[in-house]
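The values are calculated or read from the model by the stated rules, or taken from the named source; none is laboratory data. The shown structure was predicted, so the numbers you read here are calculated from the model rather than taken from an experiment. Note that each Cβ is placed from the backbone with ideal geometry, even for glycine, and that neighbours are counted across all protein chains shown.
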Amino acid sequence: MTALRATSPWRKTAALLARFGLTGRALVIAVPMLWLLVFFLVPFLVVLKISFADPMLARPPYSPLFADGSIQVTIGNYAYLWEDSLYINAYWSSIKIAFFSTVMALLIGYPMAYYIARSPEPKRSLLLLLIVLPFWTSFLLRVYAWIGILKTKGVLNMVLMKIGLIDQPLIIMQTDVAVYIGIVYTYLPFMILPLYANLVKLDNAMLEASADLGAKPMATFFRITIPLSMPGIVAGSMLVFIPAIGEFVIPALLGGPDTLMIGKVLWTEFFSNRDWPVASAVAIAMLILLVIPIMLLRMAQSKGADT
Amino acid sequence: MAELPLAADAKPWKDSAAVPFIRIKNITKKFGEFSAVDDITLDIYKGELFCLLGGSGCGKSTLLRMLAGLETPTSGTIEIDGQDVADVAAFDRPTNMMFQSYALFPHMTVEKNVIYGLLREGVPKAEAKDRVADMLRLVKLQDFAKRKPHQLSGGQQQRVALARSLIKQPKLLLLDEPLAALDKKLREETQFELIHIQETLGVTFIVVTHDQEEAMTLSTRIGVMKDGKIVQVGEPPQIYEDPNSRYVADFIGSVNMFEGTVDVAVSSTLRIKSPEAGIDLLVEPVEGLKANQNVSVAIRPERITLTRHKPDGAANIVEGGVVEVAYLGNLSVYRVKLASGKILKVTKSNLLHDEEPISWDEKVFLSWSNAAGIVLTT
Ligand SMILES: Nc1ncnc2c1ncn2[C@@H]1O[C@H](COP(=O)(O)OP(=O)(O)OP(=O)(O)O)[C@@H](O)[C@H]1O
Ligand SMILES: [Mg+2]
C-alpha cells in the first residue's frame, strides 16, 4: 500500500488534497453546490436584504444595510403586506387560480399520460414528441396565439357561431377563464411527463391480479392504478402548482384588470411603483408560503413510505 | 357444500359418462406467428388437482392465463362448469390465479392484499377479516399481516400470493408454480395443505410446476406439455411407468435410454438389437412394431440391479465399470460405463448392509427383467 502510494503521482496529489478535505467525492458534490450557491442562495440573500430596507429616492432605490456604523433593518415592509388587503387578496387569489389550474391539468393530463403509457412503442414515442413539441416555440408566442383564439372576433367565437352553437360571441379574453385556459395549456406537459414516467412503469400484472380477484375496471383504477401512480401525481401537481402561483405573463396578457395574481402585483410594485423593498418582501413572503407546505408534504411522504 | 369432493378412488376421467368441469377445446394462442399454445384439447373434472408439467416456455402460463381470462385465445373454446367463458371478463370468472411473479400489490399490507378479493365480492368486512386471519394462519404468516410485500422474503411473498388466491375459494384455482420458492419442509407442508383444501372444499385446481416430484405427490392427473402441445395426460404412476414418448420418459424422473432396432419376437419376449447396450435387449412384446424399425428402450435407474457377480436367470445382463458414486443418504446413485462407452445411471438402496459397498473403478454386472424396458417409438 505505502509503496504504491509513493510511486503513483496521482495518489500522492490525491492524498495531499485529501488533507485539505478535497477528496474526489467532495469535488463532485462541490460543483452543483457552487452553482446553487451562486445562482440561488446569493440572489435570495440579496432579495432578503432588500426586503428589510426602506424605499429611498436613490440609486439603488432603497436604504443601505450598513449606515452610521450599524445594521439598519425594518420589518415595515412585511407589516405593510399584512395591513393592505391587496396583498392578502392577491396571494389568496393566486393560490386559488394555481390550485384549480392544477386540478384541471391533472384531470386532463392523467388520461393523456395513461393513454400514452399504454400505447405500443412507435406510437408512444410519437405521442411523447407531440407533448413536448410546443416547447420548440417561445412560450410568449404561444400565449399571444391564445389571444387570437379567445378574443371576441377570434377563432373560437367564429367557429362556434358558424356551427350555430352560440349567436353572441363569448367574452373570454380578459377574464379568469382565459387565465385558467392559458395556465392549464402552458403547464399541461409538466403534468403529463412525470405522470407518464410513472405510469409507464406500472406493472400490468397488478391490473391483471386485481381483475382476477374480481375488481371491476373502475375499482382497479381507484384502488390500484391511482395509489401506485401517486408519486407521479404529486410530482406533476408540484410542477404545475408552484410556477402557476407566481405566474405573471399569462394573467398580464390574457387576464383582465380584475385578475389578481401575486406575480402581477410584484411586477407593478417593482417597475411601476419602484418600491424595491416591498416588492422584495412580496417575493420572500411568497417563497415562504410555497416552501413551507412543500416541506410539510415531503415530510408526510417520507413518513408514509416507512409505514 | 353441495358438491361432493372427489373421493380418492373416484376417477371420473375413466368414466365415459362423467361430465367434465372444464372443457378446453382446440385452444390455440398465437403471439404473432408463434404459437405459444397449439391446439390443446383437455377435459378436467370437478375436484381434480391437475398438474401441468413441462419445460420452460412450453406455454403453461399462457394456458392458465387463458383460463383466467387474462389472455384471449386465438381460436378454440373454453367451458367452465358448462358455460362458454369466451365473453366473460376476467373479473367475472369463477377463477382465481396465483401469478408466477406473485403480482402482490406493493402499496398494501399483507392483510390488505389478502382481503382485497373478498371485499370486491361484497363480503362483510368483519367476516372477511376473520377469514383473512384464518388464511394467514394457514400459510404461517399471521405475524406478518401488517407488513408490506417489499418487507418480506421471497418465500413469504409467495405464501401471500397463495393466500390471496385461495381465500375466495373459487370454483377453479389456477396456481402458477405456487411452491417454487419455498424450502423443502415448508413446501411439503404446503403441498399437503393444498391436497387438504382440494379434498375438503372440492375446489378444482390446475397447478403449474417445474418439479416432477411435486407433480407426482400432488396431482390426480398430470398433463405433460411440450412446445405448446399436451403430449401425454395420465395419472402419476401411468406417466411414470408408461410414458408414451422419449420426451415424457426423459422429463419425468431420470431414465436410461438405448437406441435400437426391432429384431423379432421370440415366443413371449421382444428382441431389440442395440449396439449401444452391447447385447440384444429383451422386453415384453409391444403391438404394432415392424421388423428393423428404430425404437428407444427406456429403463428407470431403480429397475436395474447392480452386482459384483454375474447374476443367474436375469433377462438382460451387461458388464461395466463404475465411474462415479453419489451417496444420497437412503440410496446411492452409480454411473456405470459400458463397453460401448455408454454411461448408465443406476440407483441402489442403502438399506441393506449386506456386503462392502461397491465403489469406484469396480467391475460390475447390471441386470434387469424384460418388464423393466419401455419401448418408445416417438
Ligand atoms: N405476451 C407475449 N408476447 C409474445 N410471446 C409471449 C408472450 N407471453 C408468452 N410468450 C411466449 O410464449 C411461450 C410460452 O410462454 P409461457 O409463459 O406460457 O411459458 P411457461 O410454460 O409458463 O414457461 P415457464 O415455465 O418458464 O414459466 C414462450 O416462448 C414465451 O416467450
Ligand atoms: Mg410460466
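Do you know which residues across the range A:49-67 are out of contact with any helix residue (DSSP H, G or I) (no Cβ under 6 Å at 6 or more places or on another chain) and hydrophobic (A, V, I, L, M, F, W, C)?
A:52, A:56, A:57, A:58, A:66, A:67
Scanning the range B:164-222 for residues that are among the β-branched types (Val, Ile, Thr), within 16 Å of ligand 1 (Cβ to nearest atom) and in contact with a Lys or Arg (Cβ under 7 Å, 6 or more places away or on another chain) yields a single hit, B:208. Pairs are defined by a Cβ separation below 7 Å, a sequence spacing of at least 6 or placement on different chains, a first member in the range B:181-197 that is more than 24 Å from residue B:101 (Cβ to Cβ), and a second member that is assigned to a helix (DSSP H, G or I) and of a type in the set (A, V, I, L, M, F, W, C); the pairs so defined are B:195/B:218. Could you please find all residues in the range A:209-231 being part of a loop (DSSP other than H, G, I, E, B) and either more than 9 Å from chain B (Cβ to nearest Cβ) or touching a strand residue (DSSP E or B) at 6+ places or on another chain (Cβ under 6 Å) (or both)? Listed by number, the list holds a single entry, A:229. Condition check for residue B:66 on (1) of a type in the set (A, V, I, L, M); (2) assigned by TED's automatic domain parsing to the domain that holds residue B:87; (3) not in a helix (DSSP H, G or I): one failure, at (3).
Taken residue by residue, the range A:151-174 has at least one member that is part of a helix (DSSP H, G or I), without any contact (Cβ under 8 Å) to a residue 24 or more places away in the chain and polar (S, T, N, Q).
If you check B:194, B:162, B:175 for being outside any helix (DSSP H, G or I), surrounded by 15 or more Cβ atoms within 10 Å (Cβ to Cβ) and of a type outside the set (Lys, Arg), only one passes: B:175.
A single member of B:190, B:209 is closer than 16 Å to residue B:51 by Cα, β-branched (Val, Ile, Thr) and more than 16 Å from ligand 2 (Cβ to nearest atom), and it is B:190. Confirm whether residue B:38 is away from ligand 1 (no atom under 16 Å from the Cβ) and out of contact with any Cys (no Cβ under 6 Å at 6 or more places or on another chain). No, not satisfied.
Applying the set (1) in a helix (DSSP H, G or I); (2) under 19 Å from the mean Cα position of the chain (by Cα) to residue A:206 leaves exactly one unmet item: (2).
Every residue in the range B:86-102 that is part of a loop (DSSP other than H, G, I, E, B) and either hydroxyl-bearing (Ser, Thr, Tyr) or crowded, with 22+ Cβ neighbours inside 10 Å (or both), please.
B:93, B:99, B:101, B:102
So in the range B:348-376, with the set limited to residues that are in contact with a helix residue (DSSP H, G or I) (Cβ under 9 Å, 6 or more places away or on another chain) and in a loop (DSSP other than H, G, I, E, B), which one is surrounded by the most Cβ atoms within 10 Å (Cβ to Cβ)? Among those that are in contact with a helix residue (DSSP H, G or I) (Cβ under 9 Å, 6 or more places away or on another chain) and in a loop (DSSP other than H, G, I, E, B), it is B:373.
Condition check ((1) surrounded by fewer than 20 Cβ atoms within 10 Å (Cβ to Cβ); (2) of a type in the set (Ser, Thr, Tyr)) across all residues:
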site: A:258; (1), (2): yes, no
site: A:269; (1), (2): no, no
site: A:272; (1), (2): yes, yes
site: A:278; (1), (2): no, no
site: A:281; (1), (2): no, no
site: A:289; (1), (2): yes, no
site: A:296; (1), (2): yes, no
site: A:301; (1), (2): yes, no
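Restricting attention to the range B:13-59, the residues being part of a loop (DSSP other than H, G, I, E, B), on the phi > 0 side of the Ramachandran plot and away from chain A (no Cβ under 14 Å) number 3. Residues that are without any contact (Cβ under 8 Å) to a residue 40 or more places away in the chain and in contact with a Phe, Trp or Tyr (Cβ under 9 Å, 6 or more places away or on another chain) do not occur anywhere in the range B:84-102. Residue B:56 - would you say it is surrounded by fewer than 22 Cβ atoms within 10 Å (Cβ to Cβ) and within 16 Å of ligand 2 (Cβ to nearest atom)? When the stated conditions are applied, residue B:56 passes them. The single residue among B:62, B:109, B:95, B:72 that is away from ligand 2 (no atom under 16 Å from the Cβ), touching a strand residue (DSSP E or B) at 6+ places or on another chain (Cβ under 6 Å) and within 14 Å of chain A (Cβ to nearest Cβ) turns out to be B:95. Within the range A:239-251, at least one residue is more than 13 Å from chain B (Cβ to nearest Cβ), crowded, with 22+ Cβ neighbours inside 10 Å and not in a helix (DSSP H, G or I).
Quick one: count up the residues across the range B:158-172 that are away from every other protein chain (no Cβ under 11 Å), closer than 11 Å to residue B:98 by Cα and in contact (Cβ under 8 Å) with a residue 60 or more places away in the chain. Total meeting the criteria: 2. Restricting A:58, A:15 to those that are exposed (fewer than 11 other Cβ atoms within 10 Å of the Cβ) and among the aliphatic types (A, V, I, L, M) reduces the list to A:58.
Residues of the range B:22-35 that are surrounded by 22 or more Cβ atoms within 10 Å (Cβ to Cβ) and either away from ligand 1 (no atom under 13 Å from the Cβ) or closer than 26 Å to residue B:213 by Cβ (or both): B:22, B:24. Here residue A:269 passes the criteria (1) touching a residue at least 24 places away in the same chain (Cβ under 8 Å); (2) more than 16 Å from the chain's Cα centre (by Cα) except the one numbered (1).
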